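Heads up, the thing below is written out as structure tokens.
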Amino acid sequence: GGQFRICYNPGRLIDRYSWHLLPGTISAHRSPVTFTAMVGTTAVTTIPRSTTTFKIHVERTPFASYTDVENWRVRLVKDQYGCGARTEKTIGFQDAGGTAQTDAGQGIPGVADGVDKVKWDSITCFDAANTPAACDVGSYLVCFSEDSGATFQSVPSATENHLMVTRLDGETTQAAGLYTYWSFSARAGQTGTLEAPGHSLSTGSTGKITLLPPASNSRTCGAVVAGTATAETAFVTAAVASTTATSIAYSFPLDLTKLAQGQYKVCYCEERSTLSAAAGVSYTYFPEKTDDSTDNTWAKLTTFPTTLSTQAGTTVTD
């Protein structure tokens, strides 16, 4: 918390003399709820992605609220997805008995330690038995709910707003995922395979792509496309070919027999729930928000600003 002053720049950001101090101050209060990340008994703000087990403790300032700690939940998500997303697949929670806990839309319950504190003492980030074997590098939100997972908001630690997972020595700083801004080509009316390159990809991915038709190219990958129940046939959706997935590329078998010539947006998303009709007459493809227990969209959105052009006389290339 504290008092802050505001500086304004009319647009010449490169010019340091264009910044002007505005009158007045803004008061910012400390969050009444904070988290502490721990490796062993040491409080940390960053953890290497090779960390086998770490802890998250969430604590409330006394009398800041009166919710029962038995209703507290947390989830850990990449900061770009926000607290509407479920806990990352590469992060595992276990209860006090060692049983794996799954974020099914309401977050993960912990173990109460008094009336203002809850502990999650067995969180795994590295497990050689899993693929990928370590957490993704990046900045994570600790998302907190005090109403049994109905609503979530991010909470800070005493010094940071995020929990950082850092790379290992010798690893690239590049984030894992598919490369973006690629252009592909294919022959309309044919079948083929789209090869999408990437970095440190999970070979166990259940992700899918969908192609937004030319009429929707003004939309983002989070567009809600209206239509009847048969409108889904106007789109091409393809899952990762698991038998050919590698750490550097995914293959998506495409059936383009019903597609006309044109340019299509390619959207990609990791699957966490089923892709289905929304509101009965609309389809939501790869929404800009992520799913919770009440909607039927997909979670962990990755907007994939890539295009595929269909034309005569070509085959699918990368």
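The values are calculated or read from the model by the stated rules, or taken from the named source; none is laboratory data. Fair warning: this is a prediction, and the values are worked out from it, not measured in the lab. Counting neighbours? That spans all protein chains shown, and the Cβs are built from the backbone with ideal geometry, glycine included. Heavy atoms of the whole protein, side chains included, go into the accessibility calculation; ligands, DNA and RNA do not. Shrake-Rupley method; radii C 1.70, N 1.55, O 1.52, S 1.80 Å.
Scanning the range 155-165 for residues that are in a strand (DSSP E or B) and open to solvent by 60 Å² or more (accessible area, probe 1.4 Å) yields a single hit, Met164.
Take the residues in the range 251-274 that are over 21 Å from Ala188 (Cα atoms) and surrounded by 15 or more Cβ atoms within 10 Å (Cβ to Cβ); name whichever of them is modelled with the lowest pLDDT. Selected residue: Ser273.
Please count how many residues of the range 134-154 are in a loop (DSSP other than H, G, I, E, B), aliphatic (A, V, I, L, M) and open to solvent by less than 20 Å² (accessible area, probe 1.4 Å).
Narrowing the range 134-154 to residues in a loop (DSSP other than H, G, I, E, B): 135-137, 146-152.
When the remaining residues are screened for being aliphatic (A, V, I, L, M), the result is 137, 150.
Subsequent filtering for residues that are open to solvent by less than 20 Å² (accessible area, probe 1.4 Å) retains none.
Looking only at that region, the number is 0.
For Gly92, are the conditions met, namely being under 12 Å from Phe144 (Cα atoms) and either small (Gly, Ala, Ser) or without any contact (Cβ under 8 Å) to a residue 12 or more places away in the chain (or both)? For Gly92, the condition - under 12 Å from Phe144 (Cα atoms) and either small (Gly, Ala, Ser) or without any contact (Cβ under 8 Å) to a residue 12 or more places away in the chain (or both) - is not met.
Among the residues of the range 49-83, the ones that are open to solvent by 30 Å² or more (accessible area, probe 1.4 Å), outside any loop (DSSP other than H, G, I, E, B) and touching a Pro at 6+ places or on another chain (Cβ under 7 Å) come to 1 in all. Taken as a whole, the condition of being touching a residue at least 40 places away in the same chain (Cβ under 8 Å), of a type outside the set (A, V, I, L, M, F, W, C) and either more than 17 Å from Gly149 (Cα to Cα) or open to solvent by less than 70 Å² (accessible area, probe 1.4 Å) (or both) does not apply to Asp103.
Filtering the range 150-164 to residues that are closer than 11 Å to Thr34 by Cα and of a type in the set (A, V, I, L, M, F, W, C) leaves Val155, Ala158. Entry remark, the range 99-126: residues being assigned to a loop (DSSP other than H, G, I, E, B) and touching a strand residue (DSSP E or B) at 6+ places or on another chain (Cβ under 7 Å) number 7 in total.
Scanning the range 1-60 for residues that are among the acidic types (Asp, Glu) and at pLDDT below 90 turns up just one, Asp15. Condition first: surrounded by 10 or more Cβ atoms within 10 Å (Cβ to Cβ), without any contact (Cβ under 8 Å) to a residue 24 or more places away in the chain and of a type in the set (S, T, N, Q). Now tell me which residues in the range 1-48 satisfy that. Those that are surrounded by 10 or more Cβ atoms within 10 Å (Cβ to Cβ), without any contact (Cβ under 8 Å) to a residue 24 or more places away in the chain and of a type in the set (S, T, N, Q): Asn9, Ser18, Thr25.
Does any residue of the range 207-223 turn out to be within 25 Å of Thr51 (Cβ to Cβ), hydrophobic (A, V, I, L, M, F, W, C), under 24 Å from the mean Cα position of the chain (by Cα) and modelled with pLDDT under 80? Don't jump to the end; show me each part of the working.
To start, the set of residues in the range 207-223 that are within 25 Å of Thr51 (Cβ to Cβ) comprises none.
No, the range 207-223 contains no residue that is within 25 Å of Thr51 (Cβ to Cβ), hydrophobic (A, V, I, L, M, F, W, C), under 24 Å from the mean Cα position of the chain (by Cα) and modelled with pLDDT under 80.
Filtering the range 193-209 to residues that are outside any strand (DSSP E or B) and within 19 Å of Val137 (Cα to Cα) leaves Ser200, Leu201, Ser202, Thr203, Gly204, Ser205.
Considering every residue within the range 178-188, establish whether at least one is at negative phi, at pLDDT 65 or above, among the polar types (S, T, N, Q) and not in a strand (DSSP E or B). Yes, there is a match, as at least one residue in the range 178-188 is at negative phi, at pLDDT 65 or above, among the polar types (S, T, N, Q) and not in a strand (DSSP E or B).
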